[in-house]
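The values are calculated or read from the model by the stated rules, or taken from the named source; none is laboratory data. If you're wondering where the values come from, they're calculated on a predicted model, not measured in any experiment. Cβ: placed from backbone, ideal geometry, glycine included. Neighbour counts: every protein chain shown.
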Amino acid sequence: MGIVGGQLGIRLLNVASHGGTVSAFPDVATAYQAKSKLEVLFGPGIWDEIRDRVVLDFGCGPGIEAVEMALRGARRVVGLELRRKWISEATVLAEARGVADRCYFGTEWSEPVDVILSVDSFEHFADPADILRRMRGLLKPAGRVIASFGPTWYHPLGGHIFSVFPYAHLIFSEPALVGWRSLYKSDGARSITQAGLNKMTIRRFEKLVADSPFEFSHFEAVPIRRLRPMANRLTREFTTAIVRCTLVPKDRAGS
């Protein structure tokens, strides 16, 4: 991966980033503005999927989607998150919106749930195969996982924080990318994976699911809007904006 490296690569990235910032498409910046992110991603039918059910938001962040689900009819919402700061923010948000009695936020949960939601997380999990196994252990036999994530690795901005400009994460070597990031981050990450990005491709995700306790009941590689005319099975790694899917247990009766 990457042909430009060394100190030259770091210097070029620093100049191109204008002080540590990254690029963004206008579509990305405005996609969820004044809208429900869940409804944009999954359509209005998402509310039927969670109504009167116990939902686990796996990687809930500051709790925006979890609280929205509680407000839109979920019987109970569990938000799992590793970062304590976001757990605190989510708890405060649930209290402010009047749904604290139906929301729980923490780092662990053990009781089976009806639905697991995962938004913008599968490209960040350090061990996504283990996450799928954990999800199966937390899901009732008739339950399902509803997931959306992206951009995937070969998207123009698939490098996330490393996408100083489109495809920068593929042009520059990993040491150069990590060296540039270390100018602005002090967490000591020495690889892209340690920085929180697992280089998830569509093909890899499909294989992970095939090797997991789940199977797809729905799978969609949603094209980048402006690249839609070129999107097909052969080009999808480079033309896909997000992946969205529904997973069901392989051992479910009648699956």
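Among the residues that make up the stretch 98-109, is at least one of them farther than 21 Å from Phe149 by Cβ, modelled with pLDDT of 95 or more and charged (D, E, K, R)? Taking every residue of the stretch 98-109 in turn, at least one turns out to be farther than 21 Å from Phe149 by Cβ, modelled with pLDDT of 95 or more and charged (D, E, K, R).
For the stretch 12-19, does any single residue satisfy the condition of being modelled with pLDDT under 95 and not in a helix (DSSP H, G or I)?
Yes, the stretch 12-19 contains a residue that is modelled with pLDDT under 95 and not in a helix (DSSP H, G or I).
Within 21 Å of Phe122 (Cβ to Cβ), touching a residue at least 60 places away in the same chain (Cβ under 8 Å) and part of a strand (DSSP E or B) - does that describe any residue in the stretch 181-194? Checked against the condition, which is being within 21 Å of Phe122 (Cβ to Cβ), touching a residue at least 60 places away in the same chain (Cβ under 8 Å) and part of a strand (DSSP E or B), the stretch 181-194 yields no hits at all.
Looking only at residues that are in a loop (DSSP other than H, G, I, E, B) and either out of contact with any strand residue (DSSP E or B) (no Cβ under 6 Å at 6 or more places or on another chain) or of a type in the set (A, V, I, L, M) (or both) in the stretch 1-11, which one is surrounded by the most Cβ atoms within 10 Å (Cβ to Cβ)?
Ranking the candidates gives Gly5 first.
Yes or no, residue by residue, for (1) outside any helix (DSSP H, G or I); (2) buried (at least 16 other Cβ atoms within 10 Å of the Cβ); (3) not small (Gly, Ala, Ser):
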{"position": "Met200", "(1), (2), (3)": "yes, yes, yes"}
{"position": "Arg203", "(1), (2), (3)": "no, no, yes"}
{"position": "Glu206", "(1), (2), (3)": "no, no, yes"}
{"position": "Val209", "(1), (2), (3)": "no, yes, yes"}
{"position": "Ser217", "(1), (2), (3)": "yes, no, no"}
{"position": "Glu220", "(1), (2), (3)": "yes, no, yes"}
{"position": "Leu234", "(1), (2), (3)": "yes, no, yes"}
{"position": "Phe238", "(1), (2), (3)": "no, yes, yes"}
{"position": "Val243", "(1), (2), (3)": "yes, yes, yes"}
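Please list, ordered by first then second residue, the pairs with beta carbon atoms under 9 Å, 6 or more apart or interchain, first in the stretch 154-177 and in a loop (DSSP other than H, G, I, E, B), second of a type in the set (Asp, Glu). Every condition considered, the pairs that remain are Tyr154/Glu237; His155/Glu237; Gly158/Glu123.
Of everything in the stretch 222-232 that's more than 21 Å from the chain's Cα centre (by Cα) and part of a loop (DSSP other than H, G, I, E, B), which residue is surrounded by the most Cβ atoms within 10 Å (Cβ to Cβ)?
Filtering first and then ranking leaves Ala231.
Which ones in the stretch 159-192 are at pLDDT below 95 and among the acidic types (Asp, Glu)? Of everything in the stretch 159-192, just one residue is at pLDDT below 95 and among the acidic types (Asp, Glu), namely Asp187. For the stretch 182-195, the set of residues classified as in contact with an Asp or Glu (Cβ under 9 Å, 6 or more places away or on another chain) and not aliphatic (A, V, I, L, M) consists of Ser191, Gln194, listed by residue number. Residues in the stretch 119-158 that are surrounded by fewer than 22 Cβ atoms within 10 Å (Cβ to Cβ) and among the polar types (S, T, N, Q) were compared, and the one that is modelled with the highest pLDDT is Ser148. For the stretch 37-85, the helices (runs of 4 or more DSSP H) that sit wholly inside it and include 2 or more residues that are touching a Cys at 6+ places or on another chain (Cβ under 8 Å) are 64-71.
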